[in-house]
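What follows is a single structure, written as structure tokens, with notes after it.
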Amino acid sequence: MKNCDSQVLKYQRNMVKLSDDDRLDIKDKADTNRERLKGGLRAAEKPSPIGMHTQGSYSMKTMIQEADGDYDIDDGAYFKKEDLVGPNGGEMSALAVRQMVCNALQDSRFKKVPEVRKNCVRVYYNDGYHVDVPSYRKIEIKDPISGEPKPAWELAGPDWKRSDARAVTKWFRTANSTRCSDASEDGNRGQFVRMTRLMKKFAKSRASWKSQTTSGFAISRLVEECYLEIRDRNDQAFRKLMQQIHDRLELNDEIGHPTLKGENIVESGNAKVAFFKDCLKENLEHTEILDDPDCTHEQAMKAWDKVFNSDWFRAQPDPDAEKKVDSRTTTGPFIKQGETRYAGNHGRFG
């Protein structure tokens, strides 16, 4: 396969991975939102959260650059179950908790007011960001082995449902640290996390795909199932991953939850998963030229531009051509012994 590792690695670094400045900006917005929530709950004499934690792609370090600036930050609010009591002393419903959080997050400076959604409260920022605030309550369950009580969490969705986003983050970081040899301790580096970012970028590479393709969580799970490390060949690892995920979905299009046994992220027959699989198949065909031993740099770059729907790759210089230029500039003309480089017609300096 034509070696395009340096180009794919650079594309991931410059065009896919979220910059440090953008991460800090997102973190600042999440921190401000936390203070707004705490202050709103306090003013309304409502229960205070016992913790707030960023989760999802932000905490897994797989957020990607968005052309429209529509960044989705998940920042969960965690409560004690016994604190979530209604006006008549009864247990608050999942909807009531979401409404309580939504009321506490109101701010006259917002052009679009925060709104209650199916599994969270969404806060819209004027520059395109939005922060999703899911709410959780702490419960106790029996350990299936020891029988002892242990803490667990339930999400305030359409109803209360077992969920722990922090466990998902731990699952993903463990996969990165154990599945690739170049992982960093903070989870920001590693071929596994690069492949996840690239696959999410591919899934959103066409504006028309965004509403039709499967979720980032489902893609992360598929990457974890199908990823195989190929050291120093990010291009080969990504192409192999595309094929592995496609073949996996051909056999079984159900996507299981990584931390909740017996539950699925996506059930079989899901139209968005089928769409994602078809996109993989179509674009794998564009990469077939890479197997041609006579594949040129221009052909290879064109193939990768087709995969990611970009014009970035075609602007990348041919490293082999650069080597030839370097060779010509560092190797001067052959000079016979006894001659100088500036010999005239008679073989000596005139």
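The values are calculated or read from the model by the stated rules, or taken from the named source; none is laboratory data. This structure is a prediction, so every number in the text was calculated from the model and none was measured. Using ideal geometry, Cβ is built from the backbone for each residue, glycine included, and neighbour counts are taken over all protein chains shown. The area values use the complete protein model at the heavy-atom level, side chains included, leaving out ligands, DNA and RNA. Shrake-Rupley method; radii C 1.70, N 1.55, O 1.52, S 1.80 Å.
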Odd one out for ARG13, checked against (1) touching a residue at least 40 places away in the same chain (Cβ under 8 Å); (2) in a helix (DSSP H, G or I); (3) over 24 Å from SER108 (Cα atoms): (1)
Residues (without any contact (Cβ under 8 Å) to a residue 60 or more places away in the chain and farther than 18 Å from GLY56 by Cβ) located in region 265-279: GLU267, SER268, GLY269, ASN270, ALA271, VAL273, ALA274, LYS277, ASP278
Pair list, Cβ under 7 Å, 6 or more apart: region 292-305 residue in contact (Cβ under 8 Å) with a residue 24 or more places away in the chain, other residue part of a helix (DSSP H, G or I) and open to solvent by 60 Å² or more (accessible area, probe 1.4 Å): HIS297/ASP320; MET301/ARG314
What number of residues within region 96-122 satisfy the criterion of being within 18 Å of ASP75 (Cα to Cα) and either of a type in the set (Asp, Glu) or open to solvent by 60 Å² or more (accessible area, probe 1.4 Å) (or both)? 9
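Considering SER146, SER163, SER135, which residue is surrounded by fewer than 11 Cβ atoms within 10 Å (Cβ to Cβ) and among the small types (Gly, Ala, Ser)?
Numbers: SER163 fails: surrounded by fewer than 11 Cβ atoms within 10 Å (Cβ to Cβ); SER135 fails: surrounded by fewer than 11 Cβ atoms within 10 Å (Cβ to Cβ).
Just one listed residue meets the conditions, SER146.
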Just one of the numbered conditions (1) within 17 Å of VAL8 (Cβ to Cβ); (2) in a helix (DSSP H, G or I); (3) basic (Lys, Arg); (4) at pLDDT below 95 is not true of ARG189; which one? (2)
In region 261-281, anything within 21 Å of the chain's Cα centre (by Cα) and of a type in the set (A, V, I, L, M) is listed as ILE265, VAL266, VAL273, ALA274, LEU280
What pairs can you find where one residue is in region 229-253 and in a loop (DSSP other than H, G, I, E, B), the other is surrounded by fewer than 18 Cβ atoms within 10 Å (Cβ to Cβ) and of a type in the set (Phe, Trp, Tyr), and their Cβ atoms are less than 7 Å apart, with a gap of 6+ or different chains? none
Which one of the conditions (1) farther than 26 Å from GLN99 by Cα; (2) open to solvent by 40 Å² or more (accessible area, probe 1.4 Å); (3) not aromatic (Phe, Trp, Tyr) does MET60 fail to meet, given that it meets all the rest? (2)
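Here are some residues: LEU18, LEU24. Which one is within 21 Å of ASN188 (Cβ to Cβ), hydrophobic (A, V, I, L, M, F, W, C), out of contact with any strand residue (DSSP E or B) (no Cβ under 8 Å at 6 or more places or on another chain) and modelled with pLDDT under 95? I'd like the intermediate steps shown before the answer.
On the way: LEU18 fails: out of contact with any strand residue (DSSP E or B) (no Cβ under 8 Å at 6 or more places or on another chain).
From the options LEU18, LEU24, the qualifying one is LEU24.
Would you mention how many residues in region 67-88 are surrounded by fewer than 16 Cβ atoms within 10 Å (Cβ to Cβ) and closer than 27 Å to ASP186 by Cα? Give the steps one after another, and end with the answer.
Initial filter on region 67-88 (surrounded by fewer than 16 Cβ atoms within 10 Å (Cβ to Cβ)): 67-70, 80, 82-83, 85-88.
Subset that is closer than 27 Å to ASP186 by Cα: 67, 69-70.
Final tally of qualifying residues: 3.
So which of GLY89, GLY51 is within 29 Å of ARG162 (Cβ to Cβ) and out of contact with any strand residue (DSSP E or B) (no Cβ under 9 Å at 6 or more places or on another chain)?
On the way: GLY51 fails: out of contact with any strand residue (DSSP E or B) (no Cβ under 9 Å at 6 or more places or on another chain).
None of the other options fit; the residue is GLY89.
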Total residues in region 188-200, condition open to solvent by less than 10 Å² (accessible area, probe 1.4 Å) and in contact (Cβ under 8 Å) with a residue 40 or more places away in the chain: 7
Just name the residue that is farthest from the chain's Cα centre (by Cα) out of those in region 282-306 that are surrounded by fewer than 14 Cβ atoms within 10 Å (Cβ to Cβ) and within 15 Å of LYS240 (Cα to Cα). ASP291
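Take ALA44 and decide whether it is open to solvent by less than 20 Å² (accessible area, probe 1.4 Å), more than 21 Å from LYS200 (Cβ to Cβ) and modelled with pLDDT of 95 or more.
no
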